[in-house]
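The values are calculated or read from the model by the stated rules, or taken from the named source; none is laboratory data. Owing to the predicted nature of the structure, the values given are computational and were not obtained by experimental measurement. Cβ placement follows ideal geometry from the backbone for every residue including glycine, while neighbour counts extend to all protein chains displayed. When the accessible area is computed, the model is the full protein with side chains, heavy atoms only, and any ligands, DNA or RNA have been set aside. Shrake-Rupley method; radii C 1.70, N 1.55, O 1.52, S 1.80 Å.
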Amino acid sequence: MKMRFIMNTIFVLSLAILTAAAAPADEVDYQIFIKKQRISGDITAVNESNTTLLPAAPFFNAYHFKIKPQENTKLIIVTDGYTKLEFEIGNTTAYLKGMNPYTEQGYGDDGLKVKLAVAPTIINDRIYLPISLIAKSLGLHYQIDKQEKKIIFYSIPKKSA
């Protein structure tokens, strides 16, 4: 168990070194709200090619998802047991599998292929994902208020039959 932790740490740090040179220059500290609850902690948004990237851990931890880097690969799996997000650092394709948290319908046998404008990356030892992928995987919508430096994630109530 200890060896696995060490190997995962070495893997994440090696990815950080490889991607450090590509770190975007446009960083902004935002207040983040999910369903009117402010997420505390260090959350710096990064803008790369007109795409906002956010650190993955605060969002997925708030929803009790586990972030599981796969050994000796760039593949990261994020899951809560029902919904699974799979992506690779540096790859602009991600997959959502299992249950859609918003519609409570399955994504199908092959999952939902999500094409990203900007690939997930590691900046300062943190996994950063496009904001649209974070929202989609949690079944949320979002609004960015650049003037107030706030990002608000929200859900739209389901229509009853």
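Here are a few things to note about the model shown:
- Qualifying position, being in contact with a Gly (Cβ under 9 Å, 6 or more places away or on another chain), of a type in the set (Gly, Ala, Ser) and more than 26 Å from residue 38 (Cα to Cα), among 106, 81, 90: 106
- Here is the figure for the stretch 44-58: residues that are hydrophobic (A, V, I, L, M, F, W, C) and assigned to a helix (DSSP H, G or I) total 2.
- A single entry from 105, 147 fulfils the requirement of being open to solvent by 10 Å² or more (accessible area, probe 1.4 Å) and closer than 25 Å to residue 41 by Cα: 147.
- Residue list for the stretch 26-50, filter: touching a Ser or Thr at 6+ places or on another chain (Cβ under 9 Å) and over 19 Å from residue 154 (Cα atoms): 27, 28, 29, 46, 48
- Residues of the stretch 69-124 that turn out to be out of contact with any Leu (no Cβ under 7 Å at 6 or more places or on another chain), in a loop (DSSP other than H, G, I, E, B) and more than 19 Å from residue 139 (Cβ to Cβ), as a count: 11
- Of all residues making up the stretch 44-64, the number that are touching an Asp or Glu at 6+ places or on another chain (Cβ under 7 Å) and without any contact (Cβ under 8 Å) to a residue 60 or more places away in the chain: 3
- Number of the exception - residue 124 against (1) touching a residue at least 24 places away in the same chain (Cβ under 8 Å); (2) under 23 Å from residue 37 (Cα atoms): (2)
Residues checked against (1) more than 11 Å from the chain's Cα centre (by Cα); (2) at pLDDT below 90; (3) open to solvent by 30 Å² or more (accessible area, probe 1.4 Å); (4) farther than 20 Å from residue 62 by Cα:
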position: 98; (1), (2), (3), (4): yes, no, yes, no
position: 121; (1), (2), (3), (4): no, no, no, yes
position: 128; (1), (2), (3), (4): no, no, no, no
position: 141; (1), (2), (3), (4): yes, no, yes, no
position: 158; (1), (2), (3), (4): yes, yes, yes, yes
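- Neighbours by Cβ (under 6 Å, 6+ apart or cross-chain): first from the stretch 84-104, without any contact (Cβ under 8 Å) to a residue 40 or more places away in the chain and more than 20 Å from residue 156 (Cα to Cα); second of a type in the set (Asp, Glu) and assigned to a strand (DSSP E or B): 95/86
- Test: residue 31 is exposed (fewer than 15 other Cβ atoms within 10 Å of the Cβ) and either closer than 12 Å to residue 151 by Cα or of a type in the set (A, V, I, L, M) (or both): yes
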